[in-house]
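The values are calculated or read from the model by the stated rules, or taken from the named source; none is laboratory data. Fair warning: this is a prediction, and the values are worked out from it, not measured in the lab. Using ideal geometry, Cβ is built from the backbone for each residue, glycine included, and neighbour counts are taken over all protein chains shown. All accessible areas refer to the heavy atoms of the entire protein, side chains included, with ligands and DNA or RNA removed. Shrake-Rupley method; radii C 1.70, N 1.55, O 1.52, S 1.80 Å.
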Amino acid sequence: MMAALTKNERKKLKFNFTIMPRKMPIDGEVNQASHVEEDAHFDFDLFVIGAGSGGVRAARFSANYGAKVGICELPFHPISSEVNGGVGGTCVLRGCVPKKILVYGANFGGEIEDARNYGWEINEKVDFNWKKLLQKKSDEIVRLNGIYKRLLSNAGVKLYEGEGKVAGPNEVELTQLDGTKLKYSAKHILIATGSKAQRPDIPGQELGITSDEALSLEDLPKRAVVLGGGYIAVEFASIWRGMGATVDLFFRRELPLRGFDDEMRAVVARNLEGRGINLHPRTNLTELTKTEDGIKVRTDHGEELLADVVLFATGRAPNTKRLNLEAVGVELDKTGAVKVDEFSRTNIPSIWAAGDVTNRMNLTPVALMEGSCFAKTVFAGQPTKPDYNHIPYAVFSIPPLSVVGLSEEQALDQANGDVLVFTSTFNPMKNTISGRQEKTVMKLVVDAETDKVLGASMCGPDAPEIMQGIAVALKCGATKQQFDSTVGIHPSAAEEFVTMRSVARRVTASGKPKTNL
């Protein structure tokens, strides 16, 4: 087994265009990654296909460890397609970042309403300029696209613009913008092509849009229909309603946000309705028809309504169709996701995958973690498995929901004994003056035997900011007693997490059926 390169050795490698492959240890074994002779030479130590969050992180960190790295990405466009993408990927260009900008914009609608009882005399009608916000959003993602390119350049990573595909276990084919094809050899190949929005197979589905187009609409819709019950559906329903649109949200279950804590799902549904969003549970769309008055939407209950825009937020699929993976023997699962082991390695030892394309836990910070672990494993001699425990996440509805750890249902499913549930429902201090009828809800799930906090949830203003700190505590194995012994910040909503003394309920693991909401 070869030791990690010294600083001087790494400096020398920067001047070599062919680099000797290195065997990397994984769980005590030597990784026979490329199945090639020891004296084989490659154009790159690593070639990454896809320059989103995970791919850029893996490329930069690998280069910092001394590897010679190439990366390719489709040309930039706000709306993705088979020929368009952009350095930065979904999150930066057509996901988390532009979405959060629109959430900020939508929040001001409620803030202006609340301001009246705080003494702000708003006598004239306040207009909202969608095109102005859209331009500001577009300017920001162009700026971020440039920043990500500079990050790669500063790390010494060679960026290619065009479509990449796998031509062999150690070969990548790049189709440039002018159609010419180039081939490069690489000791390791990393697939980091992310995922793409799906459309339901219903008549008239071409009349609907996905989240890509929703972030770049020329005009703000007055009547919006949203199909789906996940993050994207709930967030866009909140955005459009906050900007004054009439919004109808259709989803298949009794409550939105399947997979989250049932109690918190009910809180979100109540808040959505309180903000004026029309909820249609256990309802699906069956047909869209274009009319002079807009898009006519028909449901499986025989209902009909008109909309200016219909958003399909019905899931995303891994971006693997054009990568030639199956031809070189890379195994995919039934969803098209790349199958990987605990180190993000495929069944072809020289080919790896990270981020949404693997369909593990599809969050940007998780893709960053997987990219970092890959670089440590392959180029730093530090075999590192991504740790999926205690990952916090948020739904940027208005108000937002944020969680970390286990839901009550998950805790009961995994617990050996009883589970203690602590909850706090209160009117936020701000609402006591504004008059807004919207409660904040917090929840802790605790193992009765060990006193360990298994999960935390919050729905209310600033929930994601608060939950990031709670995540650190759970990662460190905090107990309920340690929460109780922590002094709170007063007055704040966050202090409720350290003042919940009374058990709301004690539940026996065998005593509660699994949810079907």
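Data overview
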quantity	calculated
Selected residue (criterion: farthest from the chain's Cα centre (by Cα)) from residues of region 320-358 that are surrounded by 13 or more Cβ atoms within 10 Å (Cβ to Cβ), part of a loop (DSSP other than H, G, I, E, B) and among the hydroxyl-bearing types (Ser, Thr, Tyr)	350
All positions within region 160-181 that are touching a Gly at 6+ places or on another chain (Cβ under 8 Å) and aliphatic (A, V, I, L, M)	172, 174, 177
Any hit, region 400-413, residues being surrounded by fewer than 18 Cβ atoms within 10 Å (Cβ to Cβ), touching a helix residue (DSSP H, G or I) at 6+ places or on another chain (Cβ under 8 Å) and not aromatic (Phe, Trp, Tyr)	yes
Top-ranked residue of region 188-205 - restricted to ones that are surrounded by 20 or more Cβ atoms within 10 Å (Cβ to Cβ) and among the β-branched types (Val, Ile, Thr), ranked as farthest from residue 375 (Cα to Cα)	193
Residue in region 279-302 that is nearest to the chain's Cα centre (by Cα), counting only those that are under 16 Å from residue 223 (Cα atoms) and in a loop (DSSP other than H, G, I, E, B)	293
So residue 294, is it touching a residue at least 12 places away in the same chain (Cβ under 8 Å), open to solvent by less than 50 Å² (accessible area, probe 1.4 Å) and in contact with an Asp or Glu (Cβ under 8 Å, 6 or more places away or on another chain)	yes
Odd one out for residue 128 among (1) assigned to a helix (DSSP H, G or I); (2) under 31 Å from the mean Cα position of the chain (by Cα)	(1)
Any pair with Cβ under 8 angstrom, 6 or more apart, that starts in region 206-230 at a residue that is open to solvent by less than 30 Å² (accessible area, probe 1.4 Å) and ends at one that is of a type in the set (Asp, Glu)	221/308; 224/248; 224/308; 225/248; 226/248
Residue that is surrounded by the fewest Cβ atoms within 10 Å (Cβ to Cβ), among those in region 268-291 that are farther than 21 Å from residue 395 by Cβ and not polar (S, T, N, Q)	290
Failed item in (1) without any contact (Cβ under 8 Å) to a residue 24 or more places away in the chain; (2) open to solvent by less than 20 Å² (accessible area, probe 1.4 Å); (3) part of a helix (DSSP H, G or I), with residue 375 passing the rest	(1)
Members of region 69-109 that are of a type in the set (S, T, N, Q) and outside any helix (DSSP H, G or I)	80, 81, 84
Test: residue in region 168-187 that is open to solvent by 30 Å² or more (accessible area, probe 1.4 Å), in contact (Cβ under 8 Å) with a residue 60 or more places away in the chain and part of a helix (DSSP H, G or I)	no
Set 71, 79: member being at pLDDT 50 or above, surrounded by fewer than 23 Cβ atoms within 10 Å (Cβ to Cβ) and at negative phi	79
Residue in region 132-148 that is among the polar types (S, T, N, Q), outside any loop (DSSP other than H, G, I, E, B) and free of Cβ contacts under 8 Å to residues at least 24 places away in the same chain present	yes
Test: residue 461 is surrounded by fewer than 19 Cβ atoms within 10 Å (Cβ to Cβ) and in contact (Cβ under 8 Å) with a residue 60 or more places away in the chain	yes
Flag if residue 362 is in contact with a Ser or Thr (Cβ under 7 Å, 6 or more places away or on another chain), open to solvent by 20 Å² or more (accessible area, probe 1.4 Å) and part of a loop (DSSP other than H, G, I, E, B)	yes
Scope region 414-458; condition in contact with a strand residue (DSSP E or B) (Cβ under 6 Å, 6 or more places away or on another chain), over 19 Å from residue 489 (Cα atoms) and either open to solvent by less than 40 Å² (accessible area, probe 1.4 Å) or of a type in the set (Gly, Ala, Ser) (or both); matching residues	419, 420, 421, 422, 445, 446, 447, 448, 453, 454, 455
Helices (runs of 4 or more DSSP H) contained entirely in region 411-517, each with at least 1 residues that are under 19 Å from residue 271 (Cβ atoms) and among the basic types (Lys, Arg)	429-434
From the options 480, 475, 452, residue that is of a type in the set (Lys, Arg) and within 26 Å of the chain's Cα centre (by Cα)	475
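To keep it simple, each residue is scored yes or no on (1) at pLDDT 95 or above; (2) under 19 Å from residue 346 (Cα atoms); (3) of a type outside the set (Gly, Ala, Ser).
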site	(1), (2), (3)
161	yes, no, yes
167	yes, yes, no
189	yes, yes, yes
215	yes, no, yes
